[in-house]
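Everything below concerns the one structure shown next.
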Amino acid sequence: MNLTLSWQSFAVLSAVFAAMTAILAKVGVAHMNSNMATLIRTVVILMVTALIISARSEWQKPSGGSWVGWTCLLASGVTTGLSWLCYFRALQLGPVSVVAPVDKLSVALVIVSGWLILGEPFTLKGAIGGALVVIGSLVLIL
């Protein structure tokens with residue numbers, strides 16, 4: 001059986017796993033240094049990803065791409081790590097029911113960045129959706 005999921009399916013799964021991550025991380029950092037918790041999470045992600053790549057026989061020598069692509073991937077890794085460190089510290093200090101939605105302000109930032117940096121279309125639907133995310137986060141933190 002060939003199971004092919006759409007980008008929408010993967011996006012929904014991402015949201016489900018992100019919600020589970022927030023709850024599990026909140027419990028996990030309750031009595032542990034948040035930076036150590038982030039390291040543990042990172043090692044687990046590395047192992048799970050290596051298992052998936054192994055199971056699918058997708059190991060390959062990294063080649064090709066431009067220096068811009070490689071630089072962006074490396075910078076993405078740095079920003080991911082910084083995001084996780086901040087997220088885990090926020091979870092340690094604040095309620096998960098507020099921290100996780102505020103973290104999702106990234107949605108509005110990505111909508112604007114996609115338009116300004118990547119030249120993606122800026123639609124009324126996107127503007128309204130982004131504004132609602134911002135309003136929802138503001139309602140939670142004020």
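Of all residues in the range 28-59, which are surrounded by 11 or more Cβ atoms within 10 Å (Cβ to Cβ) and either acidic (Asp, Glu) or under 11 Å from Phe88 (Cα atoms) (or both)? Gly28, Val29, Met32, Asn33, Ser34, Asn35, Met36, Ala37, Thr38, Leu39, Arg41, listed by residue number. Within the range 55-107, the set of residues being out of contact with any helix residue (DSSP H, G or I) (no Cβ under 7 Å at 6 or more places or on another chain), closer than 19 Å to Asn33 by Cα and not hydroxyl-bearing (Ser, Thr, Tyr) comprises Gly81, Leu82, Cys86, Leu93, Gly94, Pro95. Considering the conditions (1) more than 20 Å from the chain's Cα centre (by Cα); (2) surrounded by 10 or more Cβ atoms within 10 Å (Cβ to Cβ), Gly136 is excluded by exactly one of them, (1).
Any residue at all in the range 116-133 that is more than 23 Å from Thr42 (Cα to Cα), surrounded by 14 or more Cβ atoms within 10 Å (Cβ to Cβ), aliphatic (A, V, I, L, M) and under 19 Å from the mean Cα position of the chain (by Cα)? Yes, the conditions are met somewhere in the range 116-133. Would you mention how many residues in the range 10-48 are within 16 Å of the chain's Cα centre (by Cα) and more than 20 Å from Gly81 (Cβ to Cβ)? The number of residues fulfilling the criteria is 9. Residues that are over 16 Å from the mean Cα position of the chain (by Cα) and assigned to a helix (DSSP H, G or I) within the range 49-64 comprise Ala50, Leu51, Ile52, Ile53, Ser54, Ala55, listed in sequence order.
Scanning for something assigned by TED's automatic domain parsing to the domain that holds Met32, farther than 17 Å from Ala18 by Cβ and among the aliphatic types (A, V, I, L, M), does the range 120-130 turn up at least one residue? No, the conditions are met nowhere in the range 120-130. Between Met1, Met47, the distinction of being outside the structural domain of Gly136 (by TED's automatic domain parsing), out of contact with any strand residue (DSSP E or B) (no Cβ under 8 Å at 6 or more places or on another chain) and modelled with pLDDT under 95 belongs to Met1 only. Leu118 meets the stated requirement of being more than 30 Å from Leu142 (Cα to Cα) and either outside any helix (DSSP H, G or I) or not hydrophobic (A, V, I, L, M, F, W, C) (or both).
The values are calculated or read from the model by the stated rules, or taken from the named source; none is laboratory data. A quick note: this is a predicted structure, and the numbers were derived from the prediction, not measured. Cβ sites come from the backbone with ideal geometry, for glycine too, and all protein chains shown count toward neighbours.
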